[in-house]
Amino acid sequence: MRIDKAIESVMMMDDPTWARHASPWSFWTRVPLLALFALAVWSRVWIGWWSLVPIGLVLVWTLVNPRAFSPPATLDNWASQVVLGERCWLARKTKPIPAHHAKAAMILSLLSGLSIIPLAYGLWVLDAWAVFAGAMLASVFKLWFGDRMAWLWADMADRPETERSGAQQT
């Protein structure tokens, strides 16, 4: 199973949840989650095992967030288009996407994933610079990925439905 599909499954994302997740409020309140998670893990230095409370709160918010807001009144904003593009990305096996988007998205996903290495190392050995560098790099690559998803959505929305579904035009 692809990791992105596994995450979608764990998050229990269905059509109504995706519609709510397309809210800019949902998108923008997820952006700081990695930094908040790092801070929650780091809090073990100050509050010991009680750090499990903020860690748990961040994890619960991660699961609740896509359901916490109403669907947006309009989808013509960047944050909503990121979410719509992400749905196209996740459905790429059944509804092919342009190759240039697939390649760029894979590279950005890889770079974002690799950025977790210095973050995890920094949290393990309590190196604030490694945590900062890893969190910032992962966030930058994730936002860049998001921008690519908005671009993908724009390209997919411009294509005829028959082409978007992978059917051949005659």
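The values are calculated or read from the model by the stated rules, or taken from the named source; none is laboratory data. No experiment lies behind these values; they were computed from the predicted model shown. Using ideal geometry, Cβ is built from the backbone for each residue, glycine included, and neighbour counts are taken over all protein chains shown.
Below is a table of values for the structure above.
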quantity: V64, sole failed condition from (1) under 18 Å from W18 (Cα atoms); (2) modelled with pLDDT of 95 or more; (3) of a type outside the set (S, T, Y); calculated: (2)
quantity: Residue under evaluation T94, criteria (1) without any contact (Cβ under 8 Å) to a residue 40 or more places away in the chain; (2) more than 29 Å from W25 (Cβ to Cβ); (3) among the polar types (S, T, N, Q), criterion not met; calculated: (1)
quantity: Filtered residues of the stretch 103-157 (kept if of a type in the set (D, E) and more than 13 Å from the chain's Cα centre (by Cα)); calculated: D127, D155
quantity: Of all residues in the stretch 63-89 being β-branched (V, I, T) and out of contact with any Phe, Trp or Tyr (no Cβ under 8 Å at 6 or more places or on another chain), the one that is nearest to L152 (Cα to Cα); calculated: T74
quantity: Pick from the stretch 143-170, criterion basic (K, R) and surrounded by fewer than 18 Cβ atoms within 10 Å (Cβ to Cβ), ranking: modelled with the highest pLDDT; calculated: R159
quantity: Test for A105: is it over 16 Å from W28 (Cα atoms), crowded, with 19+ Cβ neighbours inside 10 Å and of a type in the set (A, V, I, L, M); calculated: yes
quantity: Pairs, first assigned to a loop (DSSP other than H, G, I, E, B) in the stretch 117-133, second not aliphatic (A, V, I, L, M), C-beta under 8 Å, six or more apart; calculated: L126/W42; D127/Y121
